[in-house]
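As C-alpha cells, the structure follows; a few thoughts come after it.
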Amino acid sequence: MKTTRGQCEVSTTLKKAGLHQTPHRRSILQILIDTDNPLCVSDILKQLEPGEKMNKVTAYRILTSFKAEGIVREIPSDHGVYHYEMACRHNPVHPHVYCRICRSMACLPPVAPSRVRELFAAPPDFEVDHVNVNITGLCRACRRK
C-alpha cells in the first residue's frame, strides 16, 4: 500500500525526533520512506547503496531508536521476524498479509478508526493503545508452486 509518503523527508523527520543525522540513520529511513511494503532487517540491508556497509546489530539499534521516537512501526510475523514501516500521517495504521512460505509482507487498506473500535472491542475496563492485525497465508507466487 504505497501512500504519498514522498511528503516525508529524512532530515526533517530525524530533526523532529531529536536524532543525529548519521549516514546509516539517513539510509535506513530513506529506504523505509521509499518502500511499498514493510521490510525486515535483511531486506533493508539488501537495499543499501552499493559499497555502504552496515551490520545487523547497527540496523536493529537504529530501528529500535526509530520505534522509540514513533518514526516506524514494528510488525511481528509468525516466524519471529519483525518488519518495519513508516509510522507517519502519510501511512496510517493498517492490517497486513504475510506469506508463511516466502515470508513476504504486504499492506492492506487502512481501517477507519470507528471501524477498528467496532471490530476489536475490548472489555469496558481495558484501555486499548495498539491493535496489530496480520493475516497469514500463501501469496500468489507461493500458491502456484
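A few notes on this one:
Let's see how each residue does on (1) under 30 Å from R26 (Cα atoms); (2) basic (K, R); (3) in contact with a strand residue (DSSP E or B) (Cβ under 9 Å, 6 or more places away or on another chain):
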residue	(1), (2), (3)
P38	yes, no, yes
M54	yes, no, no
V57	yes, no, no
I62	yes, no, no
I75	yes, no, yes
Y84	yes, no, yes
V97	yes, no, yes
F126	no, no, no
K145	no, yes, no
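- R103 being over 14 Å from the mean Cα position of the chain (by Cα) and touching a residue at least 60 places away in the same chain (Cβ under 8 Å): yes
Yes or no, residue by residue, for (1) at negative phi; (2) over 16 Å from the mean Cα position of the chain (by Cα); (3) buried (at least 20 other Cβ atoms within 10 Å of the Cβ):
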| position | (1), (2), (3) |
| --- | --- |
| Q21 | yes, yes, no |
| R25 | yes, no, yes |
| D34 | yes, no, no |
| P38 | yes, no, yes |
| M54 | yes, yes, no |
| I62 | yes, no, yes |
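- Tally of residues being over 16 Å from T13 (Cβ atoms), touching a Cys at 6+ places or on another chain (Cβ under 7 Å) and not in a loop (DSSP other than H, G, I, E, B) across the stretch 26-85: 2
- Looking only at the stretch 53-103, and only at residues there that are out of contact with any Asp or Glu (no Cβ under 9 Å at 6 or more places or on another chain) and polar (S, T, N, Q), the one that is modelled with the lowest pLDDT: S77
- Members of the stretch 107-145 found to be more than 14 Å from R73 (Cα to Cα) and at pLDDT 85 or above, listed by number: L108, P109, I135, T136, G137, L138, C139, R140, A141, C142, R143, R144
Okay, residues lined up against (1) within 17 Å of A17 (Cα to Cα); (2) not small (G, A, S):
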position: P38; (1), (2): no, yes
position: S42; (1), (2): no, no
position: Q47; (1), (2): no, yes
position: S65; (1), (2): yes, no
position: V72; (1), (2): yes, yes
position: H79; (1), (2): no, yes
position: Y82; (1), (2): no, yes
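The values are calculated or read from the model by the stated rules, or taken from the named source; none is laboratory data. In this text the structure is predicted, and so the values were computed from the model without any measurement. As a convention, Cβ positions derive from the backbone with ideal geometry for all residues, glycine included, and neighbour counts pool all protein chains shown.
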